[in-house]
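S.K.: I'd like to ask you about the structure that follows.
The values are calculated or read from the model by the stated rules, or taken from the named source; none is laboratory data. If you're wondering where the values come from, they're calculated on a predicted model, not measured in any experiment. Methodologically, a virtual Cβ is constructed for each residue, glycine included, from the backbone with ideal geometry; neighbour enumeration extends over all protein chains shown.
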Amino acid sequence: MKETEKSDVLTTEHYFASPVYFTDKPEWVDDLNKASDPFIAKARENNMDPIKKRNTTFGNKGEHPWVHHSQPLTGNPDFKVLQDYIGTTAWNLLDGQGFDLTNHEIFITEFWVQEFSKDGGGHHTLHTHWNGHISGFFFLKASEKTSRPVFEDPRAGRMMNLLPEKDPTKITMASHIVNYQIKPGRLIFFNSYLPHLYGVDNGYEPFRFIHFNMQAFPKAIVGFHHEQKK
């Protein structure tokens, strides 16, 4: 095929992007780990009965592959610094993406801490967060030896017709899945429609993170709710 003439080089524009944002807040890690400790301890305690029953029935595998999941922590004052930051940031991200939030307010709808089994096997299968707009993670215990978040292309039509990649080790326009190396203090935001998972953790080192989801509610609904509570 004839080489493309310089005058024939096409202008490229990218549409329908799925951004992932991150920053680092290592100064919050110690306090949030301390605040999280009793909730993880309680979650582990709650899981002991099913773990013991499984081990008695099928053989002892410790707590493999349990994920210890806390109760909802929204509004807990010990986590206020993170909740205030993510609430403001979510509004800024959606506004920056071009959404009109004039008649909406951002609320944290889910906020919890979880820790994967010390005996390995903890993981999350591929999922999205329904009825939400911004989701994210704040990592409290993590390293190159632990699991990591993985994001998949959300475009079903593209996935149906996907061609093979020339080099899957590189992030290109052909990529359909990406993973993020993480560390304590890393804070990640993404649109809630973006499918994500956590690969199987091998239990070499502790893996703990806070997961959150946020939704933009119409102010008319928020106002009506407040009136009903009076």
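S.K.: Can you tell me which residue is farthest from residue 220 (Cα to Cα) among those in the range 80-125 that are of a type in the set (Gly, Ala, Ser) and free of Cβ contacts under 8 Å to residues at least 12 places away in the same chain?
M.R.: Among those residues, the one meeting the criterion is 96.
S.K.: Pull out all pairs, ordered by first then second residue, where Cβ-Cβ is under 8 Å, the residues are six or more apart or on different chains, the first lies in the range 55-79 and is free of Cβ contacts under 8 Å to residues at least 24 places away in the same chain, and the second is among the polar types (S, T, N, Q) and not in a loop (DSSP other than H, G, I, E, B).
M.R.: 75/83
S.K.: Still on this model: Can you find a residue that is on the phi < 0 side of the Ramachandran plot, under 19 Å from the mean Cα position of the chain (by Cα) and either in a loop (DSSP other than H, G, I, E, B) or not charged (D, E, K, R) (or both) anywhere in the range 154-166?
M.R.: Taking every residue of the range 154-166 in turn, at least one turns out to be on the phi < 0 side of the Ramachandran plot, under 19 Å from the mean Cα position of the chain (by Cα) and either in a loop (DSSP other than H, G, I, E, B) or not charged (D, E, K, R) (or both).
S.K.: Looking at (1) surrounded by 12 or more Cβ atoms within 10 Å (Cβ to Cβ); (2) at negative phi, which is the only condition residue 49 fails?
M.R.: It fails just one condition, (1).
S.K.: May I ask you to verify whether residue 196 is surrounded by fewer than 18 Cβ atoms within 10 Å (Cβ to Cβ) and either modelled with pLDDT under 90 or touching a strand residue (DSSP E or B) at 6+ places or on another chain (Cβ under 9 Å) (or both)?
M.R.: no
S.K.: May I ask you to list the residues in the range 79-118 that are crowded, with 17+ Cβ neighbours inside 10 Å, in a loop (DSSP other than H, G, I, E, B) and of a type in the set (Asp, Glu)?
M.R.: Hits for the range 79-118: nothing passes.
S.K.: Looking only at the range 120-137, which residues are of a type outside the set (S, T, N, Q), more than 11 Å from residue 67 (Cβ to Cβ) and crowded, with 17+ Cβ neighbours inside 10 Å?
M.R.: Those that are of a type outside the set (S, T, N, Q), more than 11 Å from residue 67 (Cβ to Cβ) and crowded, with 17+ Cβ neighbours inside 10 Å: 120, 129, 132, 133, 134, 136, 137.
S.K.: So which of 148, 158, 186 is farther than 17 Å from residue 209 by Cβ, basic (Lys, Arg) and in contact (Cβ under 8 Å) with a residue 12 or more places away in the chain?
M.R.: That would be 158, the only listed residue that is farther than 17 Å from residue 209 by Cβ, basic (Lys, Arg) and in contact (Cβ under 8 Å) with a residue 12 or more places away in the chain.
S.K.: Another question about this same structure. Which one of the conditions (1) in contact with a Leu (Cβ under 9 Å, 6 or more places away or on another chain); (2) under 21 Å from residue 26 (Cα atoms); (3) in a loop (DSSP other than H, G, I, E, B); (4) not basic (Lys, Arg) does residue 174 fail to meet, given that it meets all the rest?
M.R.: That leaves (2) as the condition not met.
Residue-wise test of (1) in a helix (DSSP H, G or I); (2) charged (D, E, K, R); (3) modelled with pLDDT of 95 or more.
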| site | (1), (2), (3) |
| --- | --- |
| 15 | no, no, no |
| 31 | yes, yes, yes |
| 38 | yes, no, yes |
| 41 | yes, no, yes |
| 44 | yes, yes, yes |
| 47 | yes, no, yes |
| 50 | yes, no, yes |
| 54 | yes, yes, yes |
| 57 | yes, no, yes |
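S.K.: Out of everything in the range 59-78 that is outside any helix (DSSP H, G or I) and among the charged types (D, E, K, R), what residue ends up being surrounded by the most Cβ atoms within 10 Å (Cβ to Cβ)?
M.R.: So the residue we want is 63.
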